[in-house]
Amino acid sequence: MVGGNVSASDDLVRAFNVGIPALDRDFLRTWHRVSTVVHRRIPADDLNYGGAAGFAPLREAIAAHIGPSRGVRCRPDQIIITSGAQQAMALVAQLLLDPGDRVIFEEPGYHLARCAFAAAGGAIVPTPVGDEGLQVPAGMAARVAYVTPSHQYPLGVRMTARRRVQLLEWAERTSAWIVEDDYDSEFRYGSRMLPALQGADRAGRVVHVGTFSKVLFPAIRLGYVVVPPALVEPFARAQLVNGGRPPVLEQATLAELIARGHYARHLAKRRRRYANLRGVLTSLIRSRLSAHMTVMGDDTGLHLVGRLGPEVDDRAVADRARKAGLSVPPLSIYYAGVPAIFGLVMGYAHLSERSIAAGVAKLAAILDELAAGPAR
Ligand SMILES: Cc1ncc(COP(=O)(O)O)c(C=O)c1O
């Protein structure tokens with residue numbers, strides 16, 4: 001057991017695996033209770049093939065939730081339920097791209113989304129993410145720009161208001177699509193909620209992708225894509241043809257959990273817990289690792305980046321860490337091209353305070369040893 005009601009397998013406890021939420025046994029018990037009622041009462045009609053865009057009550061519950069919590073403006077019928085964000089990304093790539101179309105992609109960026117666009121024939125244009133988020137190069141035309149504006153993956157920066165306006169104007173001017181991956185931004189700690197880009201889109205150029213993997217657990221494989229009205233039909237048809245629709249009983253249970261407020265309560269509880277864990281990790285990095293790394297990124301999400309000096313080979317550090325039982329992906333693996341900075345990507349949400357402290361102590365020993373050793 002890790003932290004009271006939160007448990008995880010040994011593998012998940014491994015510091016500092018990235019992007020894994022804590023598994024909350026209390027919430028699973030609620031899930032079990034609600035699903036029993038849902039299974040007992042579900043009308044036979046709901047167990048037929050149903051709508052290709054997903055279970056209507058779940059689309060309604062999501063629309064009601066992401067309006068106030070994420071500033072997304074949509075009607076329920078603009079939401080297509082998917083098997084997680086990754087399947088949404090594959091669908092988006094399949095529908096929005098023709099082979100050879102350019103895709104402006106964050107550099108460094110989320111490799112699996114990059115793979116989805118590349119698999120659909122997209123020509124990836126790695127585009128540097130600075131302190132203000134991605135900036136489309138002047139005069140660049142592309143079919144799609146993929147961004148994580150609320151919490152850039154992996155660097156953790158948030159896109160500034162200025163860059164958001166520039167990006168939206170660019171998409172409108174060039175008839176490009178912006179794919180907004182909003183994977184973990186419901187976990188914002190210090191500052192006020194940062195609305196999704198979709199809410200500021202007046203021209204209908206943003207496709208917004210969300211997931212339940214980070215608030216609940218990755219194996220739930222439920223996510224959604226919010227599309228402009230003109231894209232609803234093609235997306236629903238593609239879901240039908242691809243067979244990507246998630247099981248209705250899971251969708252019905254989740255709809256009920258959201259509608260009854262269990263989901264919002266769970267989220268609030270997790271948010272408090274993760275804010276605390278983030279605080280523990282950042283203060284330990286400052287006290288034990290400040291000679292080697294600085295904390296990058298905004299006060300959001302389930303991970304942070306410990307930035308290393310330019311002379312440090314982050315892959316070598318990650319390799320040593322793996323041998324010591326830690327999992328800290330090197331920042332350099334998230335680059336499609338030559339890495340601009342080096343660091344370690346560190347998840348904390350699934351860990352106990354004790355595991356974080358033990359992980360930092362191991363990392364301190366490794367970094368001290370590497371710094372003291374012969375030329376690398
Ligand atoms: C940036 C980003 N987008 C999307 C996902 C995928 O989410 P899902 O589990 O819903 O496929 C992840 C998962 O780690 C992620 O880090």
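Things to note:
- Listed by chain and number, the lysines placed with their C-alpha closer than 17 angstrom to that of LYS323 are LYS362; residues fewer than eight positions away on the same chain are left out.
- Karplus-derived 3J(HN,Hα), 6.51/-1.76/1.60, for each residue of region 215-222, Hz, glycine and proline x: 7, 9, 7, x, 5, 5, 6, 10
- Most mobile listed residue (ASP26, ASP184, ASP101) in the chain, GNM with C-alpha springs under 10 Å: ASP26
- Tail weight of P(r) past 16 Å, computed on alpha-carbon pairs of region 286-376, percent: 53
- For the chain, the mean residue ellipticity at 222 nm estimated from helices alone is -13000 deg cm²/dmol, where every DSSP H run of n ≥ 4 contributes -39500 (n - 2.57) and the total is divided by all residues, rounded to the nearest 500.
- Loop trypsin sites (Lys or Arg not before Pro), region 178-237, which have at most 10 other Cβ atoms in a 10 Å radius of their Cβ (DSSP): ARG192, ARG202
- Between region 254-288 and region 40-55, the Cα center-to-center distance that results, in Å: 32
- Fluctuation leader among ALA138, ALA219, ALA113 - the chain, Gaussian network, Cα springs under 10 angstrom: ALA138
- Stokes-Einstein diffusion for the chain, with the hydrodynamic radius set to the Kirkwood value over Cα pairs and evaluated at 10 °C in a medium of 1.306 mPa s, equals 74 µm²/s.
- Per-residue SASA remark: SER352, around 20 Å² accessible (1.4 Å probe; ligands, DNA and RNA not included).
- Under 18 Å from the ALA361 label point (7 Å along Cα→beta-carbon), backbone N, region 249-284: 280-284
- Loop-resident sites, region 150-231, for chymotrypsin sites (Phe, Trp or Tyr not before Pro), counting at most 11 other Cβ within 10 Å (DSSP): none
- Put a dot 7 Å past the Cα of GLU369, heading toward its Cβ, do the same for THR294, and the two dots end up 2.8 nm apart.
- Candidates THR253, THR211, THR174, ranked by Gaussian network fluctuation over the chain, Cα under 10 Å, top entry: THR174
- Lysines with Cα under 24 Å of LYS214, excluding same-chain neighbours fewer than 8 positions away: LYS269
- Rounded if a/c under 1.5, otherwise prolate or oblate - region 113-242, Cα gyration tensor axes: rounded
- Distance between the C-alpha centres of region 178-217 and region 333-356: 21 Å, rounded to the whole angstrom.
- Net +/- balance of residues flanking ARG271 in space, Cβ distance below 9 Å, scoring K and R +1, D and E -1: +4
- Rounded percent of accessible protein surface that carbon and sulfur make up, region 249-376, 1.4 Å probe: 54
The values are calculated or read from the model by the stated rules, or taken from the named source; none is laboratory data. The structure displayed is predicted, hence computed values, not measured ones. Glycine gets a Cβ as well: all are built from the backbone with ideal geometry, and neighbour counts include every protein chain shown. In case anyone asks, the SASA skips ligands and DNA or RNA and just uses the protein heavy atoms, side chains included. Shrake-Rupley method; radii C 1.70, N 1.55, O 1.52, S 1.80 Å.
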